[in-house]
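Peer 1: The structure is given below, and queries will be raised subsequently.
Rule-based calculations on the coordinates, nothing more; no lab input. Small disclaimer: the values here were computed from a predicted structure and weren't measured. Note: ideal-geometry Cβ built from the backbone for every residue, glycine included; neighbour counts use all protein chains shown.
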Amino acid sequence: MLHNKMLADRLANEFAIAVTKMQETNDIVQKVYFFSAFYGETQRVLNWEWDRDLALMFVVLHDAYQQLTVRLQASDRIGPGKFPAGLFDALTQVAQDLTNYVSAGQDNDEEFASLLGRIAELGYAVTGNGNYLYEKGLIKF
């Protein structure tokens, strides 16, 4: 992924801080806030070193964050407790898994794709159709 060790370490360190904060709170708004550091720091690193995999990671992280934010903003109409059960535990877990992947300096396409796929799935699960698929048992946490 990243060739510059200093940037790779910076990304890993910021991810570690964000995931620790996600683990420390039960407040879903705070979890989403700290999750935003994943796409934010990825974008900052892209300003210093262009990398296609990093760009893909940014797009997936940003989209998942956007979906979560839209869903949070709709909670006044839908109800704050209407997120799929286990969603935020799964989000925190995949954030930890991505942190571990980046920290280890891995470059395994299959694992990378699996992590990004899980993040995309969690973001999709809070959309109207995603929630429907969750209710049908097709999306699982």
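Peer 1: Stretched out fully, how many nm does the piece from Q73 to V29 gain, at 0.36 nm a residue minus the Cα gap?
Peer 2: Extra length available between Q73 and V29 comes to 14.8 nm.
Peer 1: With each pseudo-label sitting 7 Å past Cα toward Cβ, what's the K136-D109 distance in nm, one decimal?
Peer 2: Distance between the two pseudo-spin positions: 3.1 nm.
Peer 1: Over its Cα atoms, what ratio of radius of gyration to 2.2 N^0.38 Å does the range 56-141 give? Mind dumping the intermediate values first?
Peer 2: Numbers: Rg = 13.5 Å, N = 86, 2.2 N^0.38 = 12.0 Å.
Rg over 2.2 N^0.38 Å, computed on Cα atoms: 1.13.
Peer 1: Report, in degrees rounded to the nearest 10, the 0 to 90 angle that the Cα long axis of helix 52-73 makes with the longest principal axis of the chain.
Peer 2: 30 degrees
Peer 1: Here is a follow-up. For the chain, what is the calculated [θ] at 222 nm in deg cm²/dmol (nearest 500), taking -39500 (n - 2.57) for each run of four or more DSSP H residues and dividing by its residue count?
Peer 2: Numbers: 7 runs with 109 residues, N = 141.
Result for the chain: -25500 deg cm²/dmol, rounded to the nearest 500.
Peer 1: A further question follows. Report the FRET efficiency, 1/(1 + (r/R0)^6), for T127 and H3, where r is their Cβ-Cβ distance and R0 is 30 Å, rounded to 0.05.
Peer 2: Step by step, r from the Cβ atoms, then E = 0.25.
Peer 1: For helix 28-48, report the angle its Cα long axis makes with the longest principal axis of the Cα atoms of the chain; keep it between 0 and 90° and round to the nearest 10°.
Peer 2: That helix lies at roughly 30 degrees to the long axis.
Peer 1: Rounded to the nearest 0.05, what FRET efficiency do R10 and D63 have when you use their Cβ-Cβ distance and R0 = 25 Å?
Peer 2: For R0 = 25 Å, the calculated efficiency reads 0.65.
Peer 1: In the chain, what is the count of Lys pairs whose alpha carbons are under 17 Å apart, counting only pairs at least 8 residues apart or on separate chains?
Peer 2: Pairs that pass both the separation and distance tests number 4.
Peer 1: Follow-up question, since we're still on this one. Treating the angle as unsigned and between 0 and 90°, give the value, to the nearest 10°, between the Cα long axis of helix 5-24 and the longest Cα principal axis of the chain.
Peer 2: 30 degrees
Peer 1: Roughly speaking, what is the centre-to-centre gap between the range 76-141 and the range 1-69 when only Cα atoms are used, to the nearest Å?
Peer 2: About 14 Å separates the Cα centre of the range 76-141 from the one of the range 1-69.
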